[in-house]
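Values in this text are rule-based calculations from the coordinates and carry no lab data. None of the values given here were measured: they were computed from a predicted structure. Glycine also receives a Cβ, built like all others from the backbone with ideal geometry; neighbour counts cover every protein chain displayed.
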Amino acid sequence: MNNQEIIWYNGEWSTTDKPAIGITDHALWMASTVFDGARAVKGHLPDLEAHCQRAIRSALSMGMEPKITADEIIRLVHQGLARLPHDTDYYIKVLFFSPGGFLLPDPESTTFALHIFETALPEDNGFSATFSPFRRPDATMAPTEAKASCLYPNTQRIIREASQRDFYTAVVLDGEGNVAEFAAANLWIVKNGTAYTPVPNGTFLNGITRQRVIALLREDGITVEEVTLTPEDVLNADEIFSTGNHGKVLHCNRIEDRELTRGPVSARARELYQAFTEASEKVQG
């Protein structure tokens with residue numbers, strides 16, 4: 001660890017990583033682990049409460065019983081960030097896991113940890129995308145309602161396969177062959193000035209940044225429609241962009257072999273989100 005990160009675990013702050021999961025723990029061999037990611041951007045904390053609440057909901061949906069409230073997590077986030085410089089960007093990782101249990105996690109063993117580490121908000125330089133041969137599972141096949149760690153090996157193989165073909169990320173389809181999202185972010189297209197994003201259907205998370213951008217664009221007078229999107233819709237889009245916690249709003253500059261420019265709607269979405277961030281709560285202390 002470096003001096004730009006900090007951990008809360010077992011009732012104390014530390015700048016040194018500490019072992020938290022053992023060989024016999026349920027979280028290791030049965031994947032009873034969930035997380036959520038928020039952001040601190042130059043001392044501002046956009047939608048922190050929503051991320052903390054979602055982390056708790058994810059844990060509950062996986063059979064765990066968190067012993068900490070969203071408000072208590074928020075207070076710890078402020079405490080942790082007050083120990084770090086505020087002139088940079090941080091990723092705020094909220095974790096719940098269960099050490100106890102056999103096939104099912106022992107709810108009483110549910111454990112909380114918080115990891116805050118420096119990582120810059122990416123510049124909007126454009127990213128390339130291809131269509132992945134892998135699919136998103138639906139809600140009858142996996143715990144897709146949770147931000148569960150067990151879902152991420154699929155995301156990892158999607159990104160690896162795309163990278164092997166010299167793309168940054170991939171568009172992932174659902175079981176019906178419609179567009180779900182990017183490998184690690186929600187997907188948007190723009191056609192004739194209207195913004196479209198896949199309607200939540202249980203195969204991907206209805207992202208917090210996604211929801212925020214929908215509201216910001218509509219308030220700004222831009223039409224946003226949540227619809228079923230086909231691969232052809234994406235291939236023929238005027239603009240393509242992503243929303244997600246790590247990069248917030250980023251535009252796609254190549255889909256397969258087709259070049260794209262940074263269009264006015266995606267540029268406005270990023271501008272509106274930046275303004276929202278600058279007006280959001282600040283680190284206390």
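Estimated from helical segments only, the mean residue ellipticity of the chain at 222 nm is -8000 deg cm²/dmol, where each DSSP H run of four or more residues counts as -39500 (n - 2.57). Simple rule: put +1 on each Lys or Arg Cβ and -1 on each Asp or Glu Cβ in the chain, find the dipole, and look at Val171, Leu28, Leu48; the Cα lying farthest toward the positive end is Leu28.
Would you mind computing Rg(Cα) / (2.2 N^0.38 Å) for the range 28-95, counting N as its residues?
Working: Rg = 12.9 Å, N = 68, 2.2 N^0.38 = 10.9 Å.
It is 1.18.
Comparing Leu45, Leu28, Leu103 in a Gaussian network model of the chain (Cα springs below 10 Å), the most mobile by mean-square fluctuation is Leu103. Loop-located chymotrypsin sites (Phe, Trp or Tyr not before Pro) in the range 64-137 (DSSP state other than H, G, I, E, B) with a sparse environment of at most 14 neighbouring Cβ atoms within 10 Å: Phe102.
The distance between label points at Glu226 and Ala82 comes to 3.7 nm (points 7 Å beyond Cα on the Cα→Cβ vector). Here the range 185-276 is treated as a Stokes sphere of Kirkwood radius computed over C-alpha pairs; at 37 °C and 0.692 mPa s its diffusion coefficient rounds to 251 µm²/s.
Over the range 224-263, calculate the relative contact order: mean separation of alpha carbon pairs under 8 Å at least 6 apart, over the residue count, as a percent. Walk me through the numbers before you get to the answer.
Values: 33 pairs, mean separation 11.8, N = 40.
So the answer I get is 29 percent.
Note on Ala120 and Thr24: the extension gain reaches 31.0 nm, defined as 0.36 nm multiplied by sequence separation minus the Cα-Cα distance. Taking the three principal axes of the alpha carbon atoms in the range 62-197, the coordinate ranges are 46, 45, 32 Å, sorted in descending order. Bridging of Lys282 to lysines at a Cα separation below 30 Å is possible for Lys18, Lys42, Lys67, Lys93, Lys147, Lys248, once same-chain residues fewer than 8 apart are set aside.
Amide H contacts for Ala185 (H built 1.01 Å from N in the peptide plane; partners 5 or more residues away or on another chain; cut-off under 5 Å): none found. For the range 5-118, the square roots a ≥ b ≥ c of the C-alpha gyration tensor eigenvalues yield an a/c of 1.5 or more together with a/b exceeding b/c, which makes the shape prolate.
To the nearest 20 debye, what is the magnitude of the charge dipole of the chain about its Cα centre, counting +1 on the Cβ of each Lys and Arg and -1 on the Cβ of each Asp and Glu?
Details: 26 positive and 38 negative charges, 50 e Å.
Computed charge dipole of the chain: roughly 240 debye.
Each principal axis of the Cα cloud of the chain was taken in turn, and the coordinate range along them, longest first, works out to 53, 43, 33 Å. For Asp106 and Gln164, the difference between the fully extended length at 0.36 nm per residue and the C-alpha to C-alpha distance is 16.9 nm.
Were the residues from Asp17 through Arg157 laid out at 0.36 nm apart, the gain over their Cα-Cα distance would be 47.7 nm.
Between the listed residues Ile73, His251, Leu103, the Cα displaced farthest toward the positive end of the dipole of the chain, a dipole computed from Cβ unit charges relative to the Cα centre, is found at Ile73.
For the range 5-118, a crude dipole built from +1 on the beta carbon of Lys and Arg and -1 on the beta carbon of Asp and Glu, taken about the Cα centre, is about 100 debye to the nearest 20. Inter-part distance, the range 85-145 to the range 220-234, computed on C-alpha centroids, equals 26 Å.
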